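Take a look at the structure below.
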There are 2 protein chains.
Amino acid sequence: MKSVLGATMASGLAHSAEPGGRKLGWALVGLGNLSTHQIAPALLKTKHARLAAVVTGTPEKGVAWRGKYGLTAEQIYDYGNFDKIANDPAVDVVCVVLPNSMHHEFTIRAAKAGKHVYCEKPMAVSAKECREMIVACEAAKVKLGVAYRCQFEPHHKEAMRFSREKVFGDLRHIDAGFGFKSGDPKQWRLRAALAGGGALMDVGIYALQACRYLTGEEPAEITAVETKIDKVKFAEVDETIQWAMKFPSGKTANCLTTYSFNGCNHFTAFCEKGRFGLNQAYGYGGQSGWTSDEKIPLEHPHTDHFAEQMDIFSQAILQQRNFGPSGHEGLKDLLVIEAIYRSIKTGKAQAVEAI
Amino acid sequence: MKSVLGATMASGLAHSAEPGGRKLGWALVGLGNLSTHQIAPALLKTKHARLAAVVTGTPEKGVAWRGKYGLTAEQIYDYGNFDKIANDPAVDVVCVVLPNSMHHEFTIRAAKAGKHVYCEKPMAVSAKECREMIVACEAAKVKLGVAYRCQFEPHHKEAMRFSREKVFGDLRHIDAGFGFKSGDPKQWRLRAALAGGGALMDVGIYALQACRYLTGEEPAEITAVETKIDKVKFAEVDETIQWAMKFPSGKTANCLTTYSFNGCNHFTAFCEKGRFGLNQAYGYGGQSGWTSDEKIPLEHPHTDHFAEQMDIFSQAILQQRNFGPSGHEGLKDLLVIEAIYRSIKTGKAQAVEAI
């Protein structure tokens, strides 16, 4: 296991003598849609990150990626030989883009290989797993970031500022929701063993995140109910969940997540002197903001969310700064998600377990 | 007790020989803000209704109203001699604009006096009271209407059509809320004995109504939580309530009501192919509609909600047609409201009692 500085320097020496000036090498673990269509293309735009390796269980994908991204045979790992990545100084960061239930294993293996870890959301399928991942990364002295791309997106950042600086007065209530109509019934997202949960784990987490970073508080009490219309397709995971959150200050939030229909993708923040919100709030394709005061717009140019977050994580490593959202942020969401599932199971309001 | 026809003809003869052509006489019971600033001025605009009497416990108000509306001394009743209104053929309709806990008594007394009843919302403070009011009006063969003015408002009617005709596809979820910052701590609305409840009874009922008439369904299951910040001011009644509703078809709704802050006054309907909603949804001052398709606007001229509903109730009497929203509509809301309070009290999801 290497120190943060050690890891940086070891690979840094292979590429550049100027700390902060070089691009960190990222290894993508899992070559599904997100890696293929978002993350790898974004790595062609990043200033501080570049694709240095891929890890896949499908040899044909490795061949295709070698051709497309100019990788060598040695830069293609599989899940069996993944741990050899410890010996590749060109890899600084392991980016975990696997089904949710595999985040825990590969984050810990990456940490043991001395690599920083950038993990897709949800961080894991339980708070217990999150805690083990945090401990492993701390022990290995590597950074652990969770891919909450909206936290770096200009509309969301501006909305956080509106709340923090009370631009529309005190924020009092949030309506938030994210859902879409789930397609292929054979996809891993519908298998509990791989996904750990359904719409809530996959997209509801964005609405939860928004409520947490807009209020600046951790929810104190959760009440949740589930609706399941298609009991075959969603036999293993949640289809639609409504949940209410009460925050310590008295702020409140009502949330929805669904795999059952398109078009719910928003937050609305009700403040004492006005309102603001986003539509298409959580997608990659560009946010649409509004406020109750036309003199205070919520409009920004579209950014590449993936390039942005990878550059910021890379810079934090290069500059030896703390990075957030860290593993603790991922853990906090899992603690709320577990309270939501407990509330559904028990039919009662649930406190959120302390971090 | 008179039949509907008898009542119409008895008073009709006093004013006009043409059924349907004359204005019905309305007696306002309770001369608070709503009667003073909304209902009485609206009765100067109505085509089928006119002010025929007032009932007040404050003699000075009687004097002032005589001067302002040209009423005679005989047209000013008090709560003690109210039942003599049975002998006034100029009064066709008794409009109950009293504190909530008095709706039951005065609706039943009005019915016994042979007068049709138009009752402010909430219809009463319990479902039991609503049932007794319905029975009394049926026994007296008088009509009982509940003042759900939004049901006649063009934006709301258009929104109902959007849902019913699936203009944006199937409606799947609603976010709705209505609240305001409650003022005078001495007002009757904060006294449980008079109001029967707080924000939920007073304004949350509008959001509940919207969810019921937009879905066209009765909620099957309710989950609710309460937040109370000012435990002195709101010692007797609810300050803020969040509630979730599950409808039989699988539709869902998340609602908020509050006496704690201004600006939450909306519904948003999420449909499978688009969205629509209203801001300033429930106020008298004009609605602000929007949809996700600029080619299908939700815009209408402002109407006088009070004049509109009184004319429609009057026409139903004159033309001997059924009127809705009737007492059954008021009862249905109270059944949901009782489930909301039960859910808060028990901390568990509650079924809504059958009508």
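The values are calculated or read from the model by the stated rules, or taken from the named source; none is laboratory data. The structure displayed is predicted, hence computed values, not measured ones. All Cβ positions, glycine included, derive from the backbone under ideal geometry; neighbour counts span all protein chains shown.
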Item to complete: Would you mention how many residues in the stretch B:251-275 are at the interface with chain A (Cβ under 7 Å from one of its Cβ atoms) and touching a Cys at 6+ places or on another chain (Cβ under 9 Å)?
Response: 6
Item to complete: Restrict the check to the stretch A:66-85 and report whether at least one residue is under 28 Å from A:TYR206 (Cβ atoms), in contact with a strand residue (DSSP E or B) (Cβ under 6 Å, 6 or more places away or on another chain), among the hydrophobic types (A, V, I, L, M, F, W, C) and touching a residue at least 40 places away in the same chain (Cβ under 8 Å).
Response: no
Item to complete: Pick out, from the stretch A:240-354, the strands (runs of 3 or more DSSP E) lying fully within it that include 1 or more residues that are in contact with a helix residue (DSSP H, G or I) (Cβ under 8 Å, 6 or more places away or on another chain), over 29 Å from A:VAL94 (Cβ atoms) and aromatic (Phe, Trp, Tyr).
Response: A:240-246, A:265-271, A:274-279
Worksheet item: So which residues in the stretch B:192-206 are among the small types (Gly, Ala, Ser) and in a helix (DSSP H, G or I)?
Response: B:ALA192, B:ALA193, B:ALA195, B:ALA199, B:GLY204
Worksheet, complete the sentence: Per the filter on the stretch B:316-355, residues surrounded by fewer than 17 Cβ atoms within 10 Å (Cβ to Cβ), away from chain A (no Cβ under 14 Å) and either within 15 Å of B:GLU221 (Cβ to Cβ) or at pLDDT 95 or above (or both) are B:GLN319, B:GLN320, B:ARG321, B:ASN322, B:GLY324, B:HIS328, B:GLU353, B:ALA354
Discussion item. Residue under question is B:GLU239, and the condition is that it be in the same structural domain as B:GLY183 (by TED's automatic domain parsing) and within 18 Å of A:GLN242 (Cα to Cα); does it hold?
Written reply: no
Fill in: Failed item, numbered, when A:ASP78 is tested on (1) crowded, with 20+ Cβ neighbours inside 10 Å; (2) over 14 Å from A:PHE313 (Cβ atoms)
(1)
Worksheet item: Does the stretch A:28-41 include one or more residues that are touching a residue at least 40 places away in the same chain (Cβ under 8 Å), in contact with a Cys (Cβ under 8 Å, 6 or more places away or on another chain) and assigned to a strand (DSSP E or B)?
Response: yes
Discussion item. Quick test for you: out of A:CYS119, A:CYS137, A:CYS130, pick the one residue that is touching a helix residue (DSSP H, G or I) at 6+ places or on another chain (Cβ under 6 Å), modelled with pLDDT of 95 or more, farther than 22 Å from A:VAL336 by Cα and assigned by TED's automatic domain parsing to the domain that holds A:GLY25.
Written reply: A:CYS137
Practice prompt. Check off (1) over 20 Å from B:THR252 (Cβ atoms); (2) surrounded by 24 or more Cβ atoms within 10 Å (Cβ to Cβ); (3) within 14 Å of another protein chain (Cβ to nearest Cβ) for B:HIS173 and give me the number that stays unchecked.
Written response: (1)
Worksheet item: Mind checking whether some residue in the stretch B:105-115 is free of Cβ contacts under 8 Å to residues at least 12 places away in the same chain, outside any loop (DSSP other than H, G, I, E, B) and of a type in the set (Asp, Glu)?
Response: yes
Worksheet, complete the sentence: Scanning the stretch A:237-250 for residues that are more than 10 Å from chain B (Cβ to nearest Cβ) and touching a Gly at 6+ places or on another chain (Cβ under 8 Å), the one nearest to A:LYS157 (Cα to Cα) turns out to be A:ASP238
Discussion item. Going through A:ASP88, A:ASP92, A:ASP78, A:ASP83 one at a time, which residue ends up being over 24 Å from the mean Cα position of the chain (by Cα) and at pLDDT 95 or above?
Written reply: A:ASP88
Practice prompt. Please specify each residue of the stretch A:164-194 satisfying the condition of being of a type in the set (A, V, I, L, M) and under 25 Å from B:GLU272 (Cα atoms).
Written response: A:ILE174, A:ALA176, A:LEU190
Item to complete: Look at B:ASN279 and say whether it is closer than 30 Å to A:ASN265 by Cα, modelled with pLDDT of 95 or more and surrounded by fewer than 20 Cβ atoms within 10 Å (Cβ to Cβ).
Response: yes
Worksheet item: Can you name every residue in the stretch A:120-167 that is free of Cβ contacts under 8 Å to residues at least 24 places away in the same chain and part of a loop (DSSP other than H, G, I, E, B)?
Response: A:GLU165
Item to complete: Looking at (1) crowded, with 24+ Cβ neighbours inside 10 Å; (2) within 8 Å of another protein chain (Cβ to nearest Cβ); (3) assigned to a strand (DSSP E or B), find the lone condition where A:VAL225 falls short.
Response: (1)
